[in-house]
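*Asks:* Input: one structure, supplied below.
The values are calculated or read from the model by the stated rules, or taken from the named source; none is laboratory data. From a predicted model like this one, the values you see are computed outputs, not experimental measurements. Every residue, glycine as well, gets a Cβ built from its backbone with ideal geometry; the counts of neighbours run over all protein chains shown. Side chains included, ligands, DNA and RNA excluded: accessible areas come from the protein's heavy atoms. Shrake-Rupley method; radii C 1.70, N 1.55, O 1.52, S 1.80 Å.
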Amino acid sequence: MISVVVPVYGCRTCLDELCSRITRTIESIPSDYEILLINDHSPDQAWDKIQKICEENPQVRGFDLSRNFGQHHAITAGLDHTKGDWVVVMDCDLQDQPEEIKRLYEKAQEGYEVVFGAREVRKDRVFKRLSSKLFYKVYDYLTDRTSDYTIANFSICSSGVIESFRDMREQNRLFPLFIKWMGYKSTTIPVEHASRSEGKSSYNLKKMISLATDVIISQSNKPLRLSIQFGFLMSLGSFIYGLYLFFRYFFLAQPVQGWTSVMVSIYFIGGIIFFNFGIIGLYLGKVFNETKGRPLYIIRERTDVKHEERVHNGS
């Protein structure tokens, strides 16, 4: 069986075509399959559409989250309920081409446990491409890793990989980075990336900065080490400058003039101190969020049971 997990947000009109193309592709493999549509509180009434699709196709299962938890939490909700021997994760906006699932599956049969689709020609807007590349450069520097900005969520993983993924319950999540961190035998293949058929990406500048901050803070403590190194350099520079002023005053009889440089130095050092406190505060905030033990998501309703139920998965 192949399970296909699709987080849904803002692409209601794409869902019929998406499920139809996924079905045709997997039936050509051939293989039994299931499609899991995770409604991340989409503002376009996508849950009504998902329910209708599930009524027409028993292979489709729908999950309605109680609020917007974010794309990677929605992916986690889907992965927690998959039954397949192989699991595909893809976006709902048809930029990930369902026909490429067959190529991902065939590559996995060569002995790989994870196969990612690399979007060598991305059809996103220029700003999104540049911001993605910048994020991975900063991320690689702070984590001492090497990432590929052409890779996103589109992938196929064995059930063993997904079982390991389910053990990772951090609040700050990014699916492809978690999968790569686990170290299973993986590879990439080039896939066709289509233009967005509906709407626009929900990742605006504010959300992208927030996601980048969360991921970097949760994956690396290098910012703390850099702040320590910078503080040491500032102290060393101040000490050397103090020796210089001491030498001028006592050996060259040149008095230190004015308070301007002193006040500038005080404000500069004060700003650096508050900046470092802010970095420490971010880490403490993340620790605080993790210690709460709250669920990663809450399922308000699902189509494969007759009654509404809540599912807590924060352990």
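*Asks:* Only residues that are outside any strand (DSSP E or B), over 20 Å from Asp32 (Cβ atoms), at pLDDT 95 or above and touching a strand residue (DSSP E or B) at 6+ places or on another chain (Cβ under 6 Å): list them for region 52-81, please.
*Replies:* Hits for region 52-81 are Ser66, Ala74, Ile75, Ala77.
*Asks:* Sticking with this structure for a sec: Can Lys222 be described as among the basic types (Lys, Arg) and either closer than 22 Å to Tyr141 by Cα or at pLDDT 70 or above (or both)?
*Replies:* Yes: the conditions hold for Lys222.
*Asks:* Follow-up question, since we're still on this one. Which residue pairs have Cβ atoms under 6 Å apart, sit 6 or more places apart or on different chains, and have a first residue in region 40-58 that is over 13 Å from Asp16 (Cα atoms) and a second that is outside any loop (DSSP other than H, G, I, E, B)?
*Replies:* Matching pairs, first to second residue: Asp40/Pro7; Asp40/Leu65; Asp40/Ala74; His41/Leu65; Ser42/Val8; Asp44/Arg12.
*Asks:* Now for a different question. For region 181-188, state whether one or more residues are under 30 Å from Gly278 (Cα atoms), modelled with pLDDT under 85, open to solvent by 90 Å² or more (accessible area, probe 1.4 Å) and of a type outside the set (Lys, Arg).
*Replies:* no
*Asks:* Further question on the same structure: Filter region 229-256 for residues that are at pLDDT below 75 and surrounded by fewer than 10 Cβ atoms within 10 Å (Cβ to Cβ); which is farthest from Ile269 (Cα to Cα)?
*Replies:* Only one residue fits best here, namely Ala253.
*Asks:* Moving on to the next point. Which of the following residues is touching a helix residue (DSSP H, G or I) at 6+ places or on another chain (Cβ under 7 Å) and touching a residue at least 40 places away in the same chain (Cβ under 8 Å): Gly10, Gly78, Gly84?
*Replies:* Exactly one of Gly10, Gly78, Gly84 is touching a helix residue (DSSP H, G or I) at 6+ places or on another chain (Cβ under 7 Å) and touching a residue at least 40 places away in the same chain (Cβ under 8 Å), namely Gly84.
*Asks:* I'm trying to understand the selection: among the residues of region 36-51, which are in contact with a Gly (Cβ under 8 Å, 6 or more places away or on another chain), part of a loop (DSSP other than H, G, I, E, B) and open to solvent by 20 Å² or more (accessible area, probe 1.4 Å)?
*Replies:* Once the filter is applied, which keeps residues that are in contact with a Gly (Cβ under 8 Å, 6 or more places away or on another chain), part of a loop (DSSP other than H, G, I, E, B) and open to solvent by 20 Å² or more (accessible area, probe 1.4 Å), region 36-51 yields Pro43, Asp44.
*Asks:* Give the residue that is modelled with the lowest pLDDT, with candidates limited to residues of region 140-172 that are under 18 Å from Gly70 (Cβ atoms) and not in a strand (DSSP E or B).
*Replies:* Asn172
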